[in-house]
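Inspection log for the structure reproduced underneath, given as structure tokens.
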Amino acid sequence: MKLKAAQVETFLRSPDAKAQLILIYGEDEGLVRERAVRLAKTVVEDLKDPFRVIELGIPQLKEDAGRLRDEAAAISFGGGRRVIRIRDIGEAQAPIIADFLADPAGDALIIIEAGSLASKSKLRQAVEKAGNGMALPCYADSGRDIETLIQSIMEEHKLRIDRDATRYLVANLGSDRMISRSELEKLALYALKDGQVTLADAMACVGDSSARHYDDVIQAVSQGNVVNLDAALTRLVEEGLNPVGALRMMISYFQKLHLVKGLVAQGTNADQAMKSLRPPLFFKAADQFRANLNNWAVNNLQRALQILLEAEKDCKSGLAIPETIAHRAMIKVAVARQKQARR
């Protein structure tokens with residue numbers, strides 16, 4: 001079985017009892033992990049309980065193809081349903097999953113965490129075609145998703161948040177759910193004594209952290225500044241952040257440029273076209289966006305997107321180091337911008 005995006009939240013609150021095995025997949029690793037934890041806690045509140053929670057990986061499944069069945073059938077010491085968490089498996093393990101779903105054992109809840117999977121993925125197909133399996137996609141957070149997360153965390157801490165602060169956060173978060181949540185928790189603690197989050201608070205906490213580092217990389221590429229790009233990537237890595245996350249945010253940024261460029265070509269005023277973006281641009285980012293809009297021709301935007309999208313695809317192939325692929329793609333786009341400027 002397969003869940004639609006609109007059904008995910010309902011399923012997370014109350015999983016279908018028929019779904020013994022749940023595959024959670026998507027490019028946002030933080031969101032995949034967050035949803036896996038939520039589902040696991042519907043069965044076992046303490047995920048550190050060694051008697052009711054077990055983790056399996058590729059080595060265990062390779063060593064013993066029957067390990068999954070044995071663990072699913074095992075009875076926990078002290079009673080209670082068990083949870084089996086499986087991480088980072090791929091297409092090679094699809095036959096093991098398909099065999100288990102065809103002839104299941106026990107009542108343990110099995111949760112598989114995976115990266116982005118194509119519709120033709122054997123692992124996805126094995127789960128989606130099974131009546132006792134459920135495939136749960138994790139799409140990148142939209143502006144509305146981020147806004148919901150912001151409000152949820154602020155309410156947990158009994159904080160009010162200014163509209164401008166919310167807009168700033170929506171514009172500067174979203175590449176990875178775990179990063180977004182971490183940044184928002186940090187912001188909530190920062191503003192706790194005042195009971196309110198202002199734009200200044202948001203910029204103080206998030207502006208110089210992951211969002212700013214990602215934005216520095218994006219702007220260096222869009223302006224064709226290779227020197228700034230190298231410096232920005234160095235800071236990104238020093239902070240322990242992933243260049244692939246910047247690559248994905250860059251794709252989103254160039255898609256927005258391409259969309260607005262198309263609207264302008266059809267006769268829409270540039271300011272009106274920019275205001276139509278969802279989520280809306282943060283006001284302090286509007287001037288740079290407008291400059292990039294003027295400096296990039298449509299055909300060059302299309303070429304840049306092709307380079308970035310191919311790089312994202314290659315990052316998932318496992319044929320090379322994702323960080324290296326992302327870096328090379330960024331340099332290609334930045335150099336293309338330089339060449340356009342010289343004409």
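The values are calculated or read from the model by the stated rules, or taken from the named source; none is laboratory data. In this text the structure is predicted, and so the values were computed from the model without any measurement. FYI the Cβ positions are ideal-geometry reconstructions off the backbone, even for glycines, and counts take in every protein chain you see. Surface areas here come from the heavy atoms of the whole protein model, side chains and all, with no ligands, DNA or RNA. Shrake-Rupley method; radii C 1.70, N 1.55, O 1.52, S 1.80 Å.
The table for this structure:
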quantity	calculated
Qualifying residue in segment 70-88 (condition: open to solvent by 30 Å² or more (accessible area, probe 1.4 Å), in a loop (DSSP other than H, G, I, E, B) and in contact with a Ser or Thr (Cβ under 8 Å, 6 or more places away or on another chain))	no
Selection from segment 232-248 of residues that are out of contact with any Leu (no Cβ under 7 Å at 6 or more places or on another chain) and open to solvent by less than 40 Å² (accessible area, probe 1.4 Å)	ALA232, LEU233, LEU236, LEU241, VAL244, GLY245
Among (1) in a helix (DSSP H, G or I); (2) at pLDDT below 85; (3) farther than 21 Å from GLN219 by Cβ - the single one GLY262 does not satisfy	(2)
Filter result (outside any loop (DSSP other than H, G, I, E, B) and free of Cβ contacts under 8 Å to residues at least 24 places away in the same chain) within segment 1-44	ALA6, GLN7, GLU9, THR10, ARG13, VAL37
Pick from segment 158-176, criterion of a type outside the set (Asp, Glu) and surrounded by fewer than 16 Cβ atoms within 10 Å (Cβ to Cβ), ranking: nearest to the chain's Cα centre (by Cα)	ARG163
Any pair with Cβ under 8 angstrom, 6 or more apart, that starts in segment 310-335 at a residue that is open to solvent by 70 Å² or more (accessible area, probe 1.4 Å) and ends at one that is at pLDDT 85 or above and not polar (S, T, N, Q)	GLU310/ALA329; ASP314/ILE325; ARG328/ALA311; LYS332/ILE307
Counted residues, segment 50-69 - those being in contact with a Gly (Cβ under 9 Å, 6 or more places away or on another chain), of a type in the set (A, V, I, L, M, F, W, C) and either under 20 Å from ALA114 (Cα atoms) or not in a loop (DSSP other than H, G, I, E, B) (or both)	1
Residues being assigned to a loop (DSSP other than H, G, I, E, B) and either among the polar types (S, T, N, Q) or open to solvent by 60 Å² or more (accessible area, probe 1.4 Å) (or both) - total across segment 114-135	7
Any hit, segment 139-151, residues being in contact with a Ser or Thr (Cβ under 8 Å, 6 or more places away or on another chain), of a type outside the set (Ser, Thr, Tyr), in a loop (DSSP other than H, G, I, E, B) and modelled with pLDDT under 85	yes
Leading residue by the ranking (farthest from ILE86 (Cα to Cα)) among those in segment 45-61 that are touching a helix residue (DSSP H, G or I) at 6+ places or on another chain (Cβ under 8 Å) and in contact (Cβ under 8 Å) with a residue 24 or more places away in the chain	LEU47
